[in-house]
Amino acid sequence: MPKKTSDPSSLPDDDDPEWTPETSAPARPAAEVLPQYIGQPATDALLRRSPGRLPKENRKINQTLRLDLTSLTATETKAKAGKRSSTTYCGGACRQGDTANLP
């Protein structure tokens, strides 16, 4: 007799046994079977893909920024001295793309 486990999901389920190649061979796609039971229009409506999430108004864009190591180190050092993050330290200049006005 097999050892009982405390996890019920590991126990065999008589109502829904595991599929084998023999039991899955006669299976057919829902698009073939459903029209017999609910009709073609209802099947089309059920299987139609939704358009997905609507696009946001203010989308963000991925951007890679390559910085010289000395500039990055200097910014981090100044930020640590003022106990601010480098993002806070650069202020509006980083957001506006104006690198000439960085401290």
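The values are calculated or read from the model by the stated rules, or taken from the named source; none is laboratory data. No experiment lies behind these values; they were computed from the predicted model shown. Virtual Cβ from ideal backbone geometry, glycine too; neighbours counted across all protein chains shown.
Some points to look at:
Residue-wise test of (1) touching a Phe, Trp or Tyr at 6+ places or on another chain (Cβ under 8 Å); (2) on the phi < 0 side of the Ramachandran plot; (3) modelled with pLDDT of 80 or more.
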site: T20; (1), (2), (3): no, yes, yes
site: V33; (1), (2), (3): no, yes, yes
site: G39; (1), (2), (3): no, no, yes
site: L47; (1), (2), (3): no, yes, yes
site: T70; (1), (2), (3): no, yes, yes
site: T73; (1), (2), (3): no, yes, no
site: C94; (1), (2), (3): no, yes, no
site: P103; (1), (2), (3): yes, yes, no
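- Taken over the stretch 41-70, residues that are in a helix (DSSP H, G or I) and surrounded by 10 or more Cβ atoms within 10 Å (Cβ to Cβ) amount to 6.
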